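The values are calculated or read from the model by the stated rules, or taken from the named source; none is laboratory data. Just so it is clear, the structure is predicted and the values come from calculations on it, not from any experiment. Here the Cβ positions follow ideal geometry from the backbone for every residue, glycine too, while neighbour counts run over all protein chains shown. For accessibility, only protein heavy atoms count, side chains too; no ligands or nucleic acids. Shrake-Rupley method; radii C 1.70, N 1.55, O 1.52, S 1.80 Å.
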Amino acid sequence: MGTEEIIENQKQNLGINDFIKSSQEYAGKVFEDTNFNDVFNSMIKGQVDNNFIFDGIFKIFKKELSANISLMIKILIVIIIHSIVKNISENLGNDSTSKIIYFLQYVIIATFVLDSFSGIITLTKTTIQDLISFMQILIPLLITLMLTTGQFAFANIVQPILLFMMNFIGEFIFVFIIPLVMICMVLAIASNFSKELTIDKLSKFIKKSTLWILGILLTIFVTTLSLEGTLGNSVDTLTFKTAKAIVSDFIPVFGKILGDTAETIIGCSKVLKSSVGIIGVLVIVGIVISPLVKIGILWFSFKITACLCEVVADSKIVKLIDEISECYKILLGILVAISIMLIVGVTIVIKATI
């Protein structure tokens with residue numbers, strides 16, 4: 001049986017074709033002109049054109065830039081209009097009108113921000129759910145391919161750890177981290193509404209705590225997976241070499257043939273495992289890249305807006321816009337952290353070999 005025939009049989013028997021269809025559904029919006037089945041077959045042959053990745057990311061960037069820059073323009077227009085009307089009312093000596101105009105400006109900006117932010121929160125939750133759902137398809141397939149290569153100890157150690165930590169971190173972010181970000185947004189709006197209300201230290205503490213928690217989770221995930229994976233891989237290497245020696249030495253005539261055949265099948269499984277893993281990484285990127293670009297543009301837009309309006313806007317408005325950008329920065333950090341965790345997890349499984 002030739003190598004290509006072995007690979008084709010494994011694709012059909014192990015459900016790889018179904019996995020490729022699922023990958024197309026998850027990442028099709030970003031890589032809409034890409035056929036994942038063709039990409040997978042090219043990877044098996046070692047012939048991969050990476051241009052489709054950069055093309056997809058560039059299209060997403062252009063789309064999100066044009067869609068999200070409008071929010072910054074709206075806020076700038078409101079600030080400029082307020083500045084003009086405020087100067088006119090102050091020249092007329094009407095302080096009460098100035099206060100009313102400031103109040104209206106603040107309410108309009110807060111409305112714009114909250115409307116955008118609620119959509120981003122929903123997008124972040126949906127993205128994390130999609131990542132976890134896809135990983136629940138990817139990990140069992142990778143573990144099955146590892147079993148076909150004889151990595152029984154590695155598979156038994158890594159699979160429960162990876163699935164448990166992945167689901168735990170996802171739930172932790174839903175239940176704890178995202179509500180903290182929402183609290184930060186509420187505190188930013190409330191603290192800048194009135195000069196008498198000052199809760200800046202509480203807001204800063206929550207933001208720093210959130211980033212520290214994300215860093216700790218990432219460190220624990222990577223460290224645990226790396227240590228347990230190294231242990232399992234060492235056990236599998238010793239077991240495989242012992243089994244091969246026994247088969248080759250103690251089975252007369254056919255022992256060497258059986259050993260070589262087993263190596264060929266294992267080699268094909270390794271190729272499939274690497275290809276499936278790389279497709280998995282591409283899909284993770286495909287799921288997360290659009291939200292990352294969208295949130296990144298909003299974060300940068302609010303930073304630029306705070307700089308541009310500093311000359312004409314009230315200091316409280318400038319501070320509000322700057323603190324809003326920090327909330328988007330935390331959401332950006334959440335998606336980056338969970339993406340890195342999953343990519344590192346998949347990479348460790350790909351790199352594991354006998």
For region 184-205, enumerate the residues that are surrounded by 16 or more Cβ atoms within 10 Å (Cβ to Cβ) and among the hydrophobic types (A, V, I, L, M, F, W, C).
C184, M185, L187, A188, I189
Within region 164-182, how many residues turn out to be β-branched (V, I, T) and open to solvent by 80 Å² or more (accessible area, probe 1.4 Å)?
1
Just a yes or no: is a residue in region 19-27 modelled with pLDDT under 80 and open to solvent by 30 Å² or more (accessible area, probe 1.4 Å)?
no
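Rundown of residues vs (1) open to solvent by 30 Å² or more (accessible area, probe 1.4 Å); (2) under 30 Å from I101 (Cα atoms), yes/no style:
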site: V39; (1), (2): no, no
site: K45; (1), (2): yes, no
site: N51; (1), (2): yes, no
site: D55; (1), (2): yes, no
site: F58; (1), (2): yes, no
site: E64; (1), (2): no, no
site: N68; (1), (2): no, yes
site: L76; (1), (2): yes, yes
site: V85; (1), (2): yes, yes
With respect to T239, determine if the residue is surrounded by fewer than 16 Cβ atoms within 10 Å (Cβ to Cβ) and at pLDDT below 50.
yes
Within region 102-119, how many residues turn out to be surrounded by fewer than 19 Cβ atoms within 10 Å (Cβ to Cβ) and of a type in the set (V, I, T)?
3
Please state which of the following conditions I330 fails to meet, knowing it meets all the rest: (1) open to solvent by 20 Å² or more (accessible area, probe 1.4 Å); (2) closer than 24 Å to T127 by Cα; (3) in contact with a Ser or Thr (Cβ under 7 Å, 6 or more places away or on another chain).
(1)
Number of positions in region 120-163 that are of a type outside the set (V, I, T), modelled with pLDDT of 80 or more and open to solvent by 40 Å² or more (accessible area, probe 1.4 Å)
7
Candidates I287, I265, I304, filtered to the one that is crowded, with 16+ Cβ neighbours inside 10 Å, at pLDDT 85 or above and either in a helix (DSSP H, G or I) or within 17 Å of the chain's Cα centre (by Cα) (or both)
I287
